[in-house]
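See structure below.
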């Protein structure tokens, strides 16, 4: 009979996500992960196979949690424009409220690893696609309600809004305060 696991793999993935998010994949050492998770290297490799496999699981956890968070924000009552504004403003609060200014783990990963790592690139693509889809659905609701111009291509507008969010997440890493980011949100809402 094998020894029972001395740690919860879900907690380990959550903790590893924090390390990868702060440091990036390349700068994170196996020792960083062992120290954060509180297990031995052997247990780390037995449970996850490799640093890269653990990173992929952490990135998928990030993707799923962040996408669900955004979808929940966009599913609130109110006009489509109000919900879109609320989501963008929530991202400002999330990013500026983080003392480490980590930004978006998916955006960071895209900048660090794409296109050299096909697996993580695909995970990031899926997150971006899910975000874009949530934006598109909200834009289409706004078009049906007459608050967003009906002649506008909802898919193209959702892509533009995704690019706006990616830019905001990068800007937030160095912003002195929220003013610059709020101007971006205001401009985005005016453009809708």
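Among the residues of segment 75-89, are any surrounded by 13 or more Cβ atoms within 10 Å (Cβ to Cβ) and part of a loop (DSSP other than H, G, I, E, B)? First the steps, then the outcome.
Keep residues of segment 75-89 that are surrounded by 13 or more Cβ atoms within 10 Å (Cβ to Cβ), which gives 79-89.
The next check asks that each one be part of a loop (DSSP other than H, G, I, E, B); those that pass are 79.
Scanning segment 75-89 turns up at least one residue that is surrounded by 13 or more Cβ atoms within 10 Å (Cβ to Cβ) and part of a loop (DSSP other than H, G, I, E, B).
Tally up the residues in segment 101-116 that are without any contact (Cβ under 8 Å) to a residue 60 or more places away in the chain and either buried (at least 19 other Cβ atoms within 10 Å of the Cβ) or in a helix (DSSP H, G or I) (or both), please. Total satisfying the criteria: 3. Is it true that some residue in segment 138-145 is within 18 Å of the chain's Cα centre (by Cα) and either under 16 Å from residue 74 (Cβ atoms) or modelled with pLDDT under 95 (or both)? Taking every residue of segment 138-145 in turn, none turns out to be within 18 Å of the chain's Cα centre (by Cα) and either under 16 Å from residue 74 (Cβ atoms) or modelled with pLDDT under 95 (or both). Taking first residues from segment 143-169 that are closer than 15 Å to residue 107 by Cα and partners that are assigned to a loop (DSSP other than H, G, I, E, B), the Cβ contacts under 6 Å between residues at least 6 apart in sequence or on separate chains come to 169/103; 169/104.
For the subset of segment 38-70 comprising residues that are more than 22 Å from the chain's Cα centre (by Cα) and part of a helix (DSSP H, G or I), which member is nearest to residue 121 (Cα to Cα)?
48
Taking the criterion of being surrounded by 15 or more Cβ atoms within 10 Å (Cβ to Cβ) and farther than 28 Å from residue 98 by Cα, would at least one residue in segment 155-164 satisfy it? Within segment 155-164, one or more residues are surrounded by 15 or more Cβ atoms within 10 Å (Cβ to Cβ) and farther than 28 Å from residue 98 by Cα. Taken across segment 118-126, residues that are surrounded by fewer than 15 Cβ atoms within 10 Å (Cβ to Cβ), touching a helix residue (DSSP H, G or I) at 6+ places or on another chain (Cβ under 8 Å) and touching a residue at least 12 places away in the same chain (Cβ under 8 Å) do occur, with at least one present.
The values are calculated or read from the model by the stated rules, or taken from the named source; none is laboratory data. For clarity, every value in this text was computed on a predicted model and none was experimentally measured. FYI the Cβ positions are ideal-geometry reconstructions off the backbone, even for glycines, and counts take in every protein chain you see.
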